[in-house]
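J.: Below is one structure. I have some questions about it.
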Amino acid sequence: MNKTISDVISVDDIKSWTSDTAVFITADTGKGKSHFIKNKLHDYAKSRGERILLILHRKNCHQQFSDELISDAKTEIIDTITYQAIEQRILNAATFDFSPYTYIVCDEYHYFLEDADFNSNTDISFRAILQSKKILMFLSATGTDMKEYITAACDMPFIEYQLV
């Protein structure tokens, strides 16, 4: 049987996460990063009356996740948005309200570095997310450089789960 992220991260792990430590989930495509968020983390958050904000890097991914969450009746716990939408809200209103959420999940978080070549606003969402004082989760198969930046430059301790 092939292991998935849901096999690696237990409910006790989730219970131990705090807002002062970043959670990195590094796994190849098809290893269940999204499945973990939409199922195991969803169920845990629902049992505690908590909410999840899932941030995605592309509109097509956002639409796909939104459709799946609507189909699975999970939108009462999980909201989706793109990094670019957060950036635009901050540029237009000077803020983004993270207060409804316990978990901020940054899917494909290498977005912050990789898109910076053509999007001068990636730092806006990045800084806002780091300042949110929420449980921050960073998911990617290719986020090594960004993980090093977050943990070193931002002086943030981390927990990492790997399945490659």
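J.: Could you please report the charge total around S34, scoring K, R as +1 and D, E as -1 over all other residues with beta-carbon less than 9 angstrom from its beta-carbon?
T.: Taking every other residue near S34 into account, the sum is 0.
J.: With +1 on the Cβ of every Lys and Arg and -1 on the Cβ of every Asp and Glu, and nothing else charged, how large is the dipole of the chain about its Cα centre, in debye rounded to the nearest 20?
T.: Dipole magnitude for the chain comes out near 420 debye.
J.: Check cross-link reach from K147 to the lysines: straight Cα distance under 21 Å, and skip same-chain residues fewer than eight apart.
T.: Candidates past the 8-residue exclusion: K31, K33, K133, K134.
J.: Given contacts defined as C-alpha pairs under 8 Å and at least six residues apart, what's the relative contact order of segment 25-164, whole-number percent?
T.: Relative contact order here is 33 percent.
J.: Which one of S120, G32, C61 is farthest out on the positive end of the charge dipole of segment 30-164, using unit charges on Cβ (Lys, Arg +1; Asp, Glu -1) and the Cα centre as origin?
T.: G32
J.: Within 12 Å, Cβ to Cβ, of L69, how many net charges do the neighbouring residues add up to if Lys/Arg are +1 and Asp/Glu are -1?
T.: Within the 12 Å Cβ shell, the charges total -3.
J.: Then there's this: In whole Å, largest first, what are the principal axis extents of the Cα atoms in the chain?
T.: 43, 33, 28
J.: Tell me the carbon and sulfur percent of the accessible area for segment 1-101, rounded to whole percent, probe radius 1.4 Å.
T.: On segment 1-101, the fraction of accessible area on carbon and sulfur atoms equals 47 percent.
J.: Provide the per residue accessible area, probe 1.4 Å, for the chain, rounded to a whole number of square angstrom.
T.: For the chain, the per-residue accessible area is 50 Å².
J.: Could you derive backbone 3J(HN,Hα) for segment 100-113 from the dihedral phi with the Karplus parameters 6.51, -1.76 and 1.60 (θ = phi - 60°), listing whole Hz in sequence and x where the residue is Gly or Pro?
T.: x, 10, 8, 10, 10, 9, 9, 7, 6, 5, 4, 3, 4, 8
The values are calculated or read from the model by the stated rules, or taken from the named source; none is laboratory data. No experiment lies behind these values; they were computed from the predicted model shown. Note that we place each Cβ from the backbone using ideal geometry, even for glycine, and neighbour counts take in every protein chain shown. We work out accessible area using only protein heavy atoms, side chains counted, and drop any ligands, DNA or RNA first. Shrake-Rupley method; radii C 1.70, N 1.55, O 1.52, S 1.80 Å.
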